[in-house]
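One structure below.
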Amino acid sequence: MDNNIGYRISELRKQAGMSQFQLAKVLNIATSTLGMYETGKREPSLKVMNRIANYFNVTTDYLLGRPEKKDDNTKTADIEDDDVIFTYEGRRIPKEDLELIRRIMRGSRNDIK
């Protein structure tokens, strides 16, 4: 499988059942320009690449063929650990809310008032 931008654009277009003409119209570019993207003779500008990504609901990284990056800084904590301060949107989650979350996670929905 090829990882170039043109290949990915072409595949996304075909999966959507669109012609080059239809996609070019949506992107507000010439059909010949889209054809050059798909054949690798030209690469889309950042502006056009963003339009393509938004239209097909993919990332520009996907279009560029970049693999998904694993976040090595992921931090985990057990919700049962009372020594950890949990936050949401920058604000500390009150102990009562944490207890409610614990009960929900355990499946004890009957305890929720």
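The values are calculated or read from the model by the stated rules, or taken from the named source; none is laboratory data. If you're wondering where the values come from, they're calculated on a predicted model, not measured in any experiment. Methodologically, a virtual Cβ is constructed for each residue, glycine included, from the backbone with ideal geometry; neighbour enumeration extends over all protein chains shown. Calculation scope for accessible area: heavy atoms of the full protein, side chains included, ligands and nucleic acids excluded. Shrake-Rupley method; radii C 1.70, N 1.55, O 1.52, S 1.80 Å.
Quick notes
- Sorted on the mean count of surrounding Cβ atoms within 10 Å across their residues, most packed first, peptides 30-39, 78-87 read 30-39, 78-87.
- Dipole of the range 3-61, positive end: most advanced residue of G35, N54, Y7 [Cβ charges, Cα centre]: G35
- Between the entries [x] 46; [y] 60; [z] 68, the label attached to percent of Cα pairs over 19 Å apart calculated for this structure is [y].
- About its Cα centre, the dipole of the chain is roughly 740 debye, where the only charges are +1 on Lys and Arg Cβ and -1 on Asp and Glu Cβ.
- Whole-percent carbon and sulfur share, accessible surface of the chain, 1.4 Å: 47
- Probe 1.4 Å, accessible area per residue of the chain, Å²: 78
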